[in-house]
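To start, the structure under review is shown below, and the notes come after it.
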Amino acid sequence: MSTLLSKENFLKMSEFIYRKSGIFLDYDKHFDKLSKYVDRRANELEVEDFRKYFFILRFEDKNGEEFQELMNAVTVNETYFFREKEQFEVLANKILPELHKTLPASKPIRILSSPCSTGEEPYSMILHIVEEANVVEERDIEVVGIDIDSTVIEKAKKAKYTDRSVHAIPKNILAKWFKKKNLGYELIEDLHGSVDLKVANIFDKEEMRKLGKFDVIFSRNMLIYFDDASRKEVAMTFYDMLNPGGYVLLGHAEYMSRIVSVFKAKKIDGTLIYQK
Ligand SMILES: C[S@@+](CC[C@H](N)C(=O)[O-])C[C@H]1O[C@@H](n2cnc3c(N)ncnc32)[C@H](O)[C@@H]1O
């Protein structure tokens with residue numbers, strides 16, 4: 001079957017995606033997926049050639065819906081509860097008690113999960129906080145989750161998960177905080193709404209500014225999809241979004257020291273964290 005996307009058009013489109021979202025699509029790896037997407041979308045929009053589709057995407061997409069469709073199709077949303085769980089333990093048992101001691105008593109501690117995908121990461125923070133962090137009774141703690149993909153944010157709000165997604169949660173925690181459903185699990189009502197979930201693009205400076213300042217930022221398994229220039233831009237965005245002394249935690253394959261040198265690297269219980 002013929003497709004609307006040629007190699008030349010793929011390069012135009014991947015350049016556009018990269019510029020807007022930092023996501024780098026490689027021709028050999030991603031051509032088929034993007035080509036199927038463009039054919040489907042062109043069909044739905046009843047346009048006959050790539051040029052018209054690309055025109056709509058760039059110039060007639062006033063409320064950003066076409067861009068949102070595209071982002072929902074090109075992101076990789078793989079995640080699960082308690083992924084790299086040592087980081088949640090360090091958050092609950094070391095970082096929060098330290099921040100509780102140093103921050104003025106009236107200030108909430110603010111934590112950002114960027115990106116949060118379908119919510120497993122910020123809800124894992126909440127579960128560790130309610131189970132392990134002693135400071136939780138004395139201090140307001142706000143957890144915010146953002147992702148560029150609107151479908152994952154909708155799923156995160158529903159808080160319904162597959163067996164695969166909850167496989168790493170210890171049985172007693174699962175039984176306490178989830179309801180077993182016919183298919184999978186749902187977070188109990190009390191924890192619905194415990195994370196403030198929003199669609200946001202990390203490269204959109206205005207959206208990021210509106211989120212306010214944070215004391216801790218988790219950014220795991222997103223920078224791996226970016227190139228060096230985009231990683232640097234995101235790292236500096238995090239720097240600006242952090243309160244003085246605040247922390248960044250990255251995924252296991254991501255190292256701040258290879259991106260920018262403005263953070264101080266520290267190891268707590270073997271977990272690498274970066275301080276402003
Ligand atoms: C693999 S998931 C990581 C989820 C979670 N942090 C974890 O480690 O399990 C990567 C997420 O990054 C999001 N993402 C990619 N580019 C983004 C951008 N420019 N702004 C915000 N989120 C983005 C994707 O939509 C996807 O859900």
Consider segment 206-218. How many of its residues are touching a helix residue (DSSP H, G or I) at 6+ places or on another chain (Cβ under 8 Å) and within 12 Å of the ligand (Cβ to nearest atom)? 4
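Right, Ala229: outside any loop (DSSP other than H, G, I, E, B), modelled with pLDDT under 95 and either within 15 Å of the ligand (Cβ to nearest atom) or in the same structural domain as Asp26 (by TED's automatic domain parsing) (or both) or not?
Details: outside any loop (DSSP other than H, G, I, E, B): yes; modelled with pLDDT under 95: yes; either within 15 Å of the ligand (Cβ to nearest atom) or in the same structural domain as Asp26 (by TED's automatic domain parsing) (or both): yes.
Judged against the criteria, Ala229 is a match.
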Looking at (1) surrounded by fewer than 22 Cβ atoms within 10 Å (Cβ to Cβ); (2) outside any loop (DSSP other than H, G, I, E, B), which one does Gly193 not meet, given that it meets all the others? (2)
Which one of these does Tyr185 not meet: (1) more than 27 Å from Leu103 (Cβ to Cβ); (2) within 13 Å of the ligand (Cβ to nearest atom); (3) surrounded by 20 or more Cβ atoms within 10 Å (Cβ to Cβ)? (2)
Residues satisfying the stated conditions in segment 221-241, i.e. over 21 Å from Leu211 (Cα atoms), crowded, with 20+ Cβ neighbours inside 10 Å and free of Cβ contacts under 8 Å to residues at least 60 places away in the same chain: none
Can you pull out the residues in segment 131-149 that are crowded, with 16+ Cβ neighbours inside 10 Å and under 26 Å from Val199 (Cβ atoms)? Ile141, Val143, Val144, Gly145, Ile146, Asp147, Ile148, Asp149
Determine if segment 155-177 includes at least one residue that is open to solvent by 40 Å² or more (accessible area, probe 1.4 Å), over 15 Å from Tyr80 (Cα atoms) and not in a helix (DSSP H, G or I). no
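The values are calculated or read from the model by the stated rules, or taken from the named source; none is laboratory data. Since this is a predicted model, take the numbers as computed values, not measurements. Backbone-built Cβ (ideal geometry, glycine too); neighbour counts: all protein chains shown. Only protein heavy atoms, including side chains, enter the accessible area calculation; ligands, DNA and RNA are left aside. Shrake-Rupley method; radii C 1.70, N 1.55, O 1.52, S 1.80 Å.
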